[in-house]
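Working notes for the structure below.
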Amino acid sequence: MEDTNSPATEQCSKAWCKRQLLPDAKYRICDHCRECDRQTKRAQRARNAEIKDRDIWAIGKKSKRPREDVVGDERTNIRQRIEGEEPYNPVSSEDEDDSSDSIEVFDKGEALFDSIRSKFRTRSDVVFKGVYEAPDDPLVTAKQQVEMAAQEVWRVTGYRFTVKNHKKQKLGHRTRSWCSQDSACKKKSKISGDLNIKSHDNITISCHTDATRRLRTITVKIEHHAKHVHYVDVSLPLGAADIIREHVEWLTPVAMVAKVQAAYAGVTAAQVHKAWTDMSQLFWHRDDLQLPSAKKLLEEFTDTVDIFLPNSIPDGVDILCWGMRKIAVPLEGKIVEVGIDATYNTNLKHLELYSIMAEYDNAGFPISYALLSTATSIEQGKRKKALTAWAVCLKDKYAVNPVFTHIDKDMAEIGMAKEVWKMKINLCWWHLRCAVRTRLSQSKLSTTPYDAQQAHAEFPFIDIQFIPPGKADTREYKGGLPDDVQGNSVMEGGKNVLEAHP
């Protein structure tokens with residue numbers, strides 16, 4: 001009779017093994033299969049190590065394999081070279097794989113770089129190997145010495161080289177670079193074990209320190225087999241920067257461009273504007289945020305300007321407005337005609353800059369400005385409400401009550417002018433002509449959103465059931481959403497008498 005209480009035995013989990021495991025076995029694999037796995041992994045590790053050693057020797061890297069040409073006491077001791085018992089010979093350095101080739105020795109670095117310049121000017125295929133000595137500066141590392149030599153090579157050859165690798169050595173530093181215009185080196189290359197493979201256009205610069213003589217030996221090797229287009233230095237000349245720095249406070253970028261280009265014809269207007277912007281920050285930059293920076297700057301000129309505090313500003317609207325005190329105060333009660341205009345997309349935050357110009361004695365005078373941002377507001381009529389609050393501050397502060405104004409058909413500006421001053425509005429003739437020409441130049445014309453009730457109220461002969469053909473373009477509403485223009489009537493056209501536009 002079978003004993004049902006005896007524990008059941010299991011087989012090895014290997015599919016090819018049928019051995020039974022002991023009842024108290026710790027693993028699900030039998031001891032024989034586990035030993036086979038250990039031997040297989042040992043053999044695999046040995047093969048990988050052999051392949052790695054063979055690859056390192058093939059590509060010429062440092063190896064523990066003994067040299068065949070030097071035996072016994074003739075082998076050079078690196079420690080002896082460091083301690084000064086044997087003078088350093090750059091030709092026999094461990095990082096030079098072609099020590100049998102002749103290397104030209106120069107007394108100074110200037111002579112070496114002059115030789116490189118002459119070779120690149122007269123030849124298209126250049127193979128250069130030279131060495132010179134420089135004093136050992138403890139404040140300059142060997143890597144920095146190599147970088148300075150590379151910069152000088154770039155300058156005299158007119159080419160640029162991309163660093164391939166850096167190799168820190170016991171006696172110094174070596175950097176290998178490839179020509180940036182070499183098409184064969186643009187993609188990531190794979191290391192080849194062929195020692196006779198033809199190298200690409202490259203430059204190798206190494207620096208070794210001789211502690212005994214306190215000198216550094218800089219070796220420059222160049223192989224350049226194709227003539228490329230030379231690089232042009234497009235950086236701003238120091239003389240041009242001095243001109244900009246001297247006149248940064250008094251000249252605008254446009255006037256400065258002509259002055260700089262008269263002395264340096266190769267300088268572009270973009271370079272002048274960039275340098276002017278960077279240098280002029282000392283006079284106007286007060287904060288990383290634009291509106292707080294502008295407010296802090298205006299607070300430094302309280303004797304010249306008045307900063308307004310408008311009321312009832314919609315949520316999400318940022319506005320900074322101020323009046324020109326020294327201009328507006330003498331004109332109190334004398335202003336009859338004003339012009340309102342704005343600029344867009346003139347700064348990083350896309351702030352809108354509004355200005356109000358007053359006309360007196362056939363001359364225009366700026367009396368107030370406003371910086372406005374409505375990007376984070378979702379309230380309808382936000383721009384009109386903000387401009388209205390600004391205009392109210394201007395009216396109360398300087399008693400500005402004009403009879404008529406000139407506007408470029410910005411509906412928010414029109415709504416603000418009608419609500420604050422109730423004056424006659426003339427549209428700018430230059431903007432009218434520009435709008436008509438732009439409209440007629442479009443291949444497909446669209447209309448503004450049509451309101452049948454408003455059209456019938458303005459012109460009773462229009463049928464309320466009339467629907468114009470075509471598709472409306474909601475972007476035609478300048479100054480905000482359609483609610484901004486509810487109740488606005490058609491404005492009278494007229495020429496702009498201010499000399500604000502061509």
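The values are calculated or read from the model by the stated rules, or taken from the named source; none is laboratory data. Source: prediction; values computed, not measured. Every residue, glycine among them, receives a Cβ derived from its backbone with ideal geometry; neighbour counts consider all protein chains shown. SASA here: full protein model, heavy atoms, side chains in, ligands and nucleic acids out. Shrake-Rupley method; radii C 1.70, N 1.55, O 1.52, S 1.80 Å.
Data for the structure
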| quantity | calculated |
| --- | --- |
| Charge dipole (segment 289-391, unit charges on Cβ, about Cα centre) - positive-most of Leu331, Leu320, Gln380 | Gln380 |
| Amide hydrogen neighbours beyond the local backbone of Gln169, cut-off 5 Å, H modeled | Arg174 |
| Estimated distance in nm for a label pair at Phe283 and Ala363, the labels positioned 7 Å out from Cα along Cα-to-Cβ | 2.3 nm |
| Pair Lys274, Val403: separation of 7 Å Cα→Cβ label points (nm) | 5.3 nm |
| Heavy-atom accessible area order for Asp473, Asp137, largest first, 1.4 Å probe | Asp137, Asp473 |
| Local electrostatic count at Ile464 - Lys and Arg +1, Asp and Glu -1, tallied over other residues with Cβ under 13 Å | -3 |
| Förster radius 30 Å - calculated FRET efficiency between Ala472 and Trp430, Cβ distance, rounded to 0.05 | 0.65 |
| Loop-resident sites, segment 365-471, for chymotrypsin sites (Phe, Trp or Tyr not before Pro), counting at most 10 other Cβ within 10 Å (DSSP) | Phe461, Phe466 |
| Added length on full extension, which subtracts the Cα-Cα distance from 0.36 nm per residue, Gln453 to Arg121 | 111.5 nm |
| Residue-wise HN-Hα coupling along segment 339-345, computed from phi with Karplus coefficients 6.51, -1.76, 1.60 (Hz; x: Gly, Pro) | x, 10, 8, 8, 10, 10, 6 |
| For segment 219-260: span of alpha carbons on each principal axis (Å, largest first) | 52, 24, 10 |
| Solvent accessible area, Å² - Glu133, 1.4 Å probe, full protein context | 80 Å² |
| Extension gain (nm, one decimal) between Lys41 and Gln169, 0.36 nm per residue minus Cα-Cα | 42.5 nm |
| Order of exposure, largest accessible area first, which applies to Leu289, Leu351 with probe 1.4 Å | Leu289, Leu351 |
| Probe 1.4 Å, all protein chains present, accessible-area order of Val392, Val229, Val146, Val403, largest first | Val229, Val403, Val392, Val146 |
| Rounded to whole Hz, the Karplus (6.51, -1.76, 1.60) HN-Hα couplings of segment 139-148, x for glycine and proline | 7, 10, 6, 5, 5, 5, 5, 5, 5, 5 |
| Rounded to the nearest 10 Å², the accessible area of His228 at probe 1.4 Å | 40 Å² |
| R0 of 22 Å, Cβ-Cβ distance Glu104-His225: FRET efficiency to nearest 0.05 | 0.70 |
| Heavy atoms of Arg38 accessible to a 1.4 Å probe, total area in Å² rounded to 10 | 90 Å² |
| Separation of alpha-carbon centers, segment 110-181 and segment 213-281, rounded to whole Å | 23 Å |
